[in-house]
Structures are given as structure tokens and as C-alpha cells.
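These notes concern the structure reproduced below.
The values are calculated or read from the model by the stated rules, or taken from the named source; none is laboratory data. Fair warning: this is a prediction, and the values are worked out from it, not measured in the lab. Cβ coordinates were reconstructed from backbone atoms using ideal geometry, including for glycine residues, and neighbour counts include every protein chain displayed. These accessible areas exclude ligands, DNA and RNA; they are computed on the full protein's heavy atoms, side chains included. Shrake-Rupley method; radii C 1.70, N 1.55, O 1.52, S 1.80 Å.
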Amino acid sequence: MIRIWKRWLSKDITQIVNGNKHLISKNSKYIQFLIKAQLEPIKQTSFKRNEIITTKYDNVTATTLYKLKNDILKDSKLALLIDQNFINQIIPLLLSLTSKIKYLPFETLSKQKSNEFIPPRLLERVPPLPNLIQDPTIFQEYIKTITHAKIIKQQNLPILLRTLANPLNNTTTPLHTVETYNDILYYFKTHWDFASMREIFKFINLHPFIKPNLTTFNIILSSLSQNNKIRKAKDIIIDLKFYLNLMERHKIEIDERTWEIIISFITTSQGKLQFIKVLKRNDVKINDWITLQVMKEYPQEMINYIKGNHSIILSSRLNNLVVKSCLMKDNFPLAWNFIFTNASSHSTNDQTLNLFLVPLSSKGSIDECLLLYKWFNDKMGVKGNIKTFELILKAHVRNGYSKRFPLIYQWLINLCKSTIGLTFTPNNYWKLKCQSIIKFNCLNDKIKPGDLEKLTHLYSKFNLEDLSYEGKDTVWNLSKDKPEIRKFLRLLNVVKSSIPSRHKSSYIKNNDETRLAKREYLNRRKDIAITNSSFKKLSYVDNWYKALNKEFGKKIEKN
């Protein structure tokens with residue numbers, strides 16, 4: 001069918017996609033057929049997705065139960081009864097899996113070994129499959145890379161992972177370890193693909209020399225915790241009991257990470273407190289993260305507990321828990337004071353920064369976003385990630401139109417590329433939003449020579465320590481300090497210029513016509529992206545094995 005593929009390339013892509021929509025549309029069961037083709041050769045066991053399900057998902061029942069559950073949880077007494085029922089059913093199973101040996105704190109257990117491979121944080125695309133016959137030792141490193149790194153273009157990575165994990169793959173089966181399977185499970189967990197997780201778990205059980213370990217079950221239990229937050233037609237306790245019984249059958253003892261996952265199923269503070277009391281009564285060691293979970297709704301109490309307990313070693317995980325708790329209560333100053341006075345380069349990460357940027361970007365505070373980003377970058381060594389710069393672009397859009405909107409946009413794109421080494425994908429939402437504003441609202445999008453360098457110089461003077469702190473509506477007094485800062489804020493369109501609004505029409509255009517043009521532009525870009533994605537899917541419909549080899553650049557063993 002390769003000749004057909006080449007012939008397709010000479011035609012109009014849109015016509016081809018429109019003519020074959022029945023193969024890849026929402027109701028085509030494209031994914032189901034593809035997964036069935038991958039699982040069909042495995043005869044040793046049955047998979048749920050071996051059959052193409054013709055009956056529709058019972059959306060009405062799932063939605064009704066989900067709404068009923070949420071309504072029940074709004075009643076504190078009923079919510080506590082649900083938590084108590086959960087504790088009564090699950091705790092006995094957990095205690096039977098608990099070791100009598102005292103555990104080290106979880107933070108110590110989770111530290112990376114100095115010689116352990118750490119995957120890159122961000123990749124533009126999935127790296128080509130290495131030659132596993134020449135160098136089989138690279139397989140585990142490759143799997144860790146593609147499952148843990150943030151990959152911008154990864155549309156068909158799940159197909160590749162299922163192929164590499166398949167127990168009938170003669171090339172990769174001898175190279176599998178429980179760690180590679182755990183990495184693949186982790187990938188599907190982070191992408192909320194619970195069906196694929198069940199299949200990978202079956203692959204582990206089919207392997208003659210590999211048995212699941214504690215990490216395997218912790219990843220699965222964590223996915224059940226995620227699954228508990230979405231619509232389900234079945235009680236989550238059924239699945240939870242199933243996997244805990246399996247752990248007992250495999251004689252696997254739980255650790256503190258397991259207890260941390262289990263407490264996330266409990267919804268009320270009183271329920272969590274009862275949970276901890278049961279653990280203490282049974283001499284189960286409790287770490288600081290579990291204790292702080294009880295105080296999640298009371299951020300000031302969490303901070304007081306940390307300050308009064310000198311044995312607590314602050315980590316990025318604990319810091320993020322406190323920050324999230326403060327921001328859930330809309331107490332930004334409390335969260336900032338905690339981080340500013342307690343954080344270090346070892347106890348902050350990209351997530352800490354992004355937690356602060358979320359509320360700031362929503363209200364268009366690009367000045368405070370950049371101020372925080374620079375402080376985290378300079379003082380904590382946190383460079384951020386694509387999500388960080390998406391939030392800053394969001395703040396730029398919501399800050400409003402200005403004469404220098406194109407200049408700020410280009411400067412932010414350059415800052416992103418120089419800091420993390422990559423820029424946004426062509427179809428990134430906030431990038432397209434900025435481009436549509438420049439195209440339709442800004443009458444002059446030319447950037448004068450030297451403007452970008454000037455902006456960079458002013459940004460270098462933009463230091464948090466030079467600003468007076470306020471704990472009221474705004475956190476920092478950004479407009480009453482140094483002249484350089486005022487100049488930078490004016491360029492950002494934060495400090496408004498004294499130009500009368502009637503003169504703004506010379507560089508900004510905003511009316512019903514531009515709004516309609518922007519909407520059409522964004523819809524057209526969306527349609528192009530969907531068409532290109534659909535065109536790529538057609539090659540997998542034609543021959544998924546050849547398409548997989550073509551995309552990832554190496555000969556892949558067919559199962």
C-alpha cells in the first residue's frame with residue numbers, strides 16, 4: 001500500500017481527509033480497530049479491547065452517579081460516612097500488607113541515585129528508535145526518555161509503546177525489565193489512559209521472567225485515585241480491593257508512598273484525621289506529607305506546624321502542597337511569604353513557579369508573572385517549562401492590546417527559546433491568540449532595531465528585592481519605585497501612558513469586524529491542524545505497522 005500513500009501525497013490533503021472521514025471520525029472506532037490489531041496476535045489471555053464494542057458507553061448512568069456522588073459530598077455528614085466506609089473496607093487490607101520494619105521517610109526513599117539516568121525535561125519530538133540489535137543496553141534508557149520527558153509532538157507515541165511492550169515482540173521481550181514496564185505504565189497514567197494501563201499490566205503477567213513490584217502497584221493505585229475524580233459507573237473500591245488482593249497474592253508489602261496514595265481517596269478533613277488515628281493505633285509510621293494532608297483546608301495551620309516542627313525537611317513536594325493549599329483559599333500573599341522565607345533551590349521546581357503563575361495569568365498580571373519568573377530563575381535556578389511560558393503569554397493576552405504588543409510577544413518568544421531551548425508548537429493556543437491579535441488588532445507590527453535589546457536590558461533591572469511588598473490586593477507595589485522599573489512597566493502596558501484614548505486608533509483596531517476575522521482565523525488554524533492530524537491517521541488505517549516504521553525511523557519488530 002506504499003504506492004497508495006505516495007499517490008495521496010500528490011493530491012489535496014483536505015480532499016483526501018474529507019473523502020475518508022468514515023475511517024477516522026469520532027464514530028469510526030479508529031483507535032479500537034488499531035488496538036485490536038495490536039492485541040489480536042496474543043492468544044494466551046483475553047483483552048477487553050480484543051472485541052470491538054458496538055454498544056455505546058452508558059453516559060447517562062455514569063453522569064447520574066457522578067452528580068449524585070458530588071451532591072452527597074456537599075453534605076459534610078454524608079461525606080464523612082462515605083470516608084468511614086472506605087476506611088473500614090480498605091484499612092484491614094492495607095494493614096495485612098504493612099511491614100513491621102520501620103520505614104525511612106519517603107523523601108529519602110525517592111532520592112535519585114547519583115549514577116541513575118535522568119531523562120531530559122523537554123523534547124520537541126519522539127527520538128528515533130535506536131538499533132536495539134547492535135546496542136540492546138540502550139533500550140531501558142530509551143523507554144525512560146520517551147515516557148518521562150515532556151514531548152511536544154507525540155501523537156502516535158502510545159502505538160509505539162504498546163508495540164515495544166508487547167510480549168510477542170521478539171526484539172524487545174528479552175530486554176524488558178519490570179522498570180521498563182513501570183515507565184510505560186507511568187506514561188499511560190499521566191495521560192489518563194487507564195485501559196492501556198490494564199493491558200500493560202497483563203503484559204507483565206504474561207512475561208515469563210518478570211513479576212510486578214511495589215512501584216508497579218503504586219502507579220496503578222495512583223491511577224485509580226485519578227480515575228476516582230472522573231465519571232464512573234462502578235464504585236472505585238471494587239478496583240482498589242482487586243489490586244490490593246493481588247499485592248497480597250504476590251507477597252508485596254506496601255510503603256509510605258502507598259499510604260500517601262490511599263489518603264488521597266478520602267475527601268474530608270475529619271475522614272483523613274480518622275485515617276491517621278487508625279494508622280497510629282496500629283503503629284504505622286506516618287510521614288510529614290500525610291500529616292499535612294489533614295490540614296490541607298487550613299493553610300495557616302500547615303505553615304505553623306512546619307515552623308514549629310524543626311525535624312521537617314522541606315522538599316519541593318511539601319512546598320508545593322502548602323502553596324496549593326494557600327492558593328485554593330485565594331491567599332496569594334500567604335503562599336508567597338511562605339516560599340520567600342522558607343524556599344531554597346532544592347525545595348522549589350517548575351511546578352512551584354507555575355502554581356503562582358496560574359492566578360496571576362488569569363487576571364492579566366504580566367508584570368507580576370515576569371517578576372516572579374525572574375526571581376525563581378535568578379535565586380532558585382528554576383528555568384520553567386513550556387507551561388510556564390504559556391501562562392506568561394496568557395497574561396500578555398489578558399493584559400490588553402497596546403502599541404508594543406508585537407514587541408512584547410517577540411521578546412517573550414525569544415526569552416522562552418534562550419531559557420529552555422525550545423519554543424511553542426505552531427498550533428499552541430496562546431501563541432495563536434497572540435498572533436491573531438498582532439494580525440488583526442495591531443496596525444503596526446514592525447519592531448524597531450534595538451527594541452528587543454532595550455527590553456532585555458530593562459528586564460535585567462527588574463528585581464523583586466527592589467520593590468516594596470504589600471500584602472493586600474496586589475502583592476508588590478510595582479508603580480512607585482525606580483524609574484527603570486516604571487519604564488519597563490510602561491512598555492508592558494501595565495503603567496498606562498498619558499496618551500488620550502482617541503489617539504489609540506492610530507495603532508489599535510478593535511471592533512466587530514476584527515473580532516469576527518480573529519475567530520475565523522483561529523477556526524481555520526484549528527481545522528488545518530485537525531486535517532493534518534487526520535491525514536497522518538489515514539496511514540495507520542492503511543497499514544499501521546508500515547506507518548509506525550515510517551514515523552519512528554527504524555525497523556520495528558512486528559508482533
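Observations
- Test set (1) over 15 Å from Asn493 (Cα atoms); (2) assigned to a helix (DSSP H, G or I); (3) in contact with a strand residue (DSSP E or B) (Cβ under 7 Å, 6 or more places away or on another chain) - Thr425 fails condition number: (2)
- Residues located in the range 453-474, provided they are at pLDDT below 80 and of a type in the set (Ser, Thr, Tyr): Ser468, Tyr469, Thr474
- Residue in the range 31-44 that is at pLDDT 75 or above, among the polar types (S, T, N, Q), assigned to a loop (DSSP other than H, G, I, E, B) and over 29 Å from Arg317 (Cβ atoms) present: no
- Picking from residues in the range 155-183 that are of a type in the set (D, E, K, R) and free of Cβ contacts under 8 Å to residues at least 60 places away in the same chain, the one that is least open to solvent (accessible area, probe 1.4 Å) is Asp183.
- Within the range 49-74, if we keep just the residues that are in contact with a helix residue (DSSP H, G or I) (Cβ under 9 Å, 6 or more places away or on another chain) and assigned to a loop (DSSP other than H, G, I, E, B), the residue that is modelled with the highest pLDDT turns out to be Glu51.
- Residue check, Ser96 among the hydroxyl-bearing types (Ser, Thr, Tyr) and modelled with pLDDT of 75 or more: yes
- The set of residues from the range 287-308 being assigned to a loop (DSSP other than H, G, I, E, B) and either in contact with a strand residue (DSSP E or B) (Cβ under 8 Å, 6 or more places away or on another chain) or buried (at least 18 other Cβ atoms within 10 Å of the Cβ) (or both) comprises Asn287, Met295.
- Cβ separations smaller than 9 Å between residues 6+ apart or across chains give the following pairs from the range 480-499 residues that are surrounded by 15 or more Cβ atoms within 10 Å (Cβ to Cβ) to residues that are of a type in the set (S, T, N, Q) and modelled with pLDDT of 80 or more: Leu491/Ser402; Leu492/Asn399; Leu492/Ser402; Asn493/Asn399; Asn493/Ser402; Val494/Ser365; Val494/Asn399.
- Of all the listed residues (Asn523, Asn493), the sole one being part of a helix (DSSP H, G or I) and modelled with pLDDT of 80 or more is Asn523.
- Filter pass, Leu412 being open to solvent by 30 Å² or more (accessible area, probe 1.4 Å) and not in a loop (DSSP other than H, G, I, E, B): no
- Among residues of the range 431-450 that are closer than 14 Å to Glu520 by Cβ, those with a beta-carbon under 6 Å from a residue that is open to solvent by 50 Å² or more (accessible area, probe 1.4 Å) and part of a helix (DSSP H, G or I) at least six positions away or on a different chain give the pairs Leu432/Arg525.
- For the range 332-357, a residue qualifies if it is surrounded by fewer than 19 Cβ atoms within 10 Å (Cβ to Cβ) and of a type in the set (Gly, Ala, Ser), and the qualifying residues are Ser344, Ser345, Ser347.
- Per-region count, the range 238-256, residues at pLDDT 90 or above and touching a Phe, Trp or Tyr at 6+ places or on another chain (Cβ under 7 Å): 3
- Filter pass, Gly450 being out of contact with any Gly (no Cβ under 8 Å at 6 or more places or on another chain), modelled with pLDDT under 85 and more than 21 Å from Ser365 (Cα to Cα): no
- Among the residues of the range 184-201, the ones that are surrounded by fewer than 16 Cβ atoms within 10 Å (Cβ to Cβ) and within 11 Å of the chain's Cα centre (by Cα) come to 3 in all.
- Subset tally (residues that are closer than 23 Å to Val382 by Cα and either β-branched (Val, Ile, Thr) or surrounded by fewer than 17 Cβ atoms within 10 Å (Cβ to Cβ) (or both)) for the range 423-451: 2
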